[in-house]
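The block underneath contains the structure these notes are about, expressed in structure tokens.
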Amino acid sequence: MLRQLRILALLLLLFGVALTTWQTKMRTTDWDQSLWMVVYPINGDGSKVSQRYIEGLKEAAFTPVENFLKREAQRYGVMIEQPLTVKLAPKLEELPPLPPETGNPLMVAWWSLKMRYWALTHNNYDGPSPDIQMFVLYHDPAKQQQLAHSLGLEKGLIGVVNAFAGKRMAPRNNVVIAHEMLHTVGASDKYDLSNNLPIFPHGYAEPNRIPLHPQSKAEIMAGRIPRSEREAVMPRGLKSTTVGEATALEIKWLR
């Protein structure tokens, strides 16, 4: 009898988690009210440069992310006035759990659970509970030329972004933040993981352009502007990016 009660309790727990996940998914892609995203800055490398940058960070630094979502949503006929509201939390002192180095499904699932628990227990924002938590780890650009891959979790609505601590790099940081934010609401990557090149046609902002190359903008979930079949460059900022139709379908801007 005790064993049966434990099994029943576990099944009820799993059902509750599944129901909550489904309800969250439906709510965050209804686009009938503004999603509340909180950015949590973290000194990712422990440097003085990153510390000074975070100390001078203002919410206005992320306004381009709000404007990008508003512009692209309206382009698809989503008439909500402000699809995304971004707020800035105080600096966090602790680094989030590191993702596994391999793509082992069990290790990834375990890390995802740890990350969701860590995010729940490290919410230092003094305001309404956020829909999306975006943890941004800043690094001194003089010390690191290339950063670790950023991540966005649809289950849990959590993003972990590795960014450069510099005002000149802020526009590109915002491209990564917008990319990971869209992951949390269901968008998938549209670039080849083996070479980071955008995948045709869904990874192209202008798949019907003649001639096809060079493209002038990046599809946000591809993250790069195709200059030729074998070359693509990072956009300078969100003004040079767009949401393609495949991404719009995934996030319920098109039905």
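Observations, loosely collected:
- Volume in Å³ per residue [convex hull over Cα atoms, computed for the range 33-186]: 117 Å³
- Taken along the Cα-to-beta-carbon direction at a fixed 7 Å, the label points for Trp118 and Ser194 span 3.1 nm.
- Bridges between two residues of the range 33-186, per DSSP, are antiparallel at a rate of about 15%.
- Relative contact order %, the range 148-255, counting alpha carbon pairs below 8 Å whose residues are six or more apart: 23 percent
- Nearest-ten-degree value, helix 63-75 long axis tilted from longest Cα axis of the chain: 80 degrees
- Counted charge near Gly152, where neighbours are those whose Cβ lies closer than 12 Å (Asp, Glu -1; Lys, Arg +1): -2
- Label point distance in nm, Ile80-Gln51, each placed 7 Å from Cα along Cα→Cβ: 3.9 nm
- Principal-axis tilt of helix 2-28 within the chain, Cα atoms, nearest 10 degrees: 30 degrees
- Net charge of the neighbourhood of His213, taken over other residues with C-beta under 11 Å away and scored Lys/Arg +1, Asp/Glu -1, is 0.
- Per-residue Cβ neighbour rank within 10 angstrom, fewest leading, Leu2, Leu69, Leu157, Leu193: Leu2, Leu193, Leu157, Leu69
- 222 nm mean residue ellipticity, helices alone, for the chain (DSSP H n ≥ 4; -39,500 (n - 2.57); rounded to 500): -11000 deg cm²/dmol
- Fewest neighbouring Cβ atoms within 10 Å first, the residues His202, His139, His149 line up as His149, His202, His139.
- Neighbour counting of Cβ atoms within 10 Å sorts the residues Met181, Met234, Met79, fewest neighbours leading, into Met79, Met234, Met181.
Here, each number is a calculation from the coordinates, and none is a lab measurement. Worth saying up front: this structure is predicted, and the values here are computed from it rather than measured. Glycine gets a Cβ as well: all are built from the backbone with ideal geometry, and neighbour counts include every protein chain shown.
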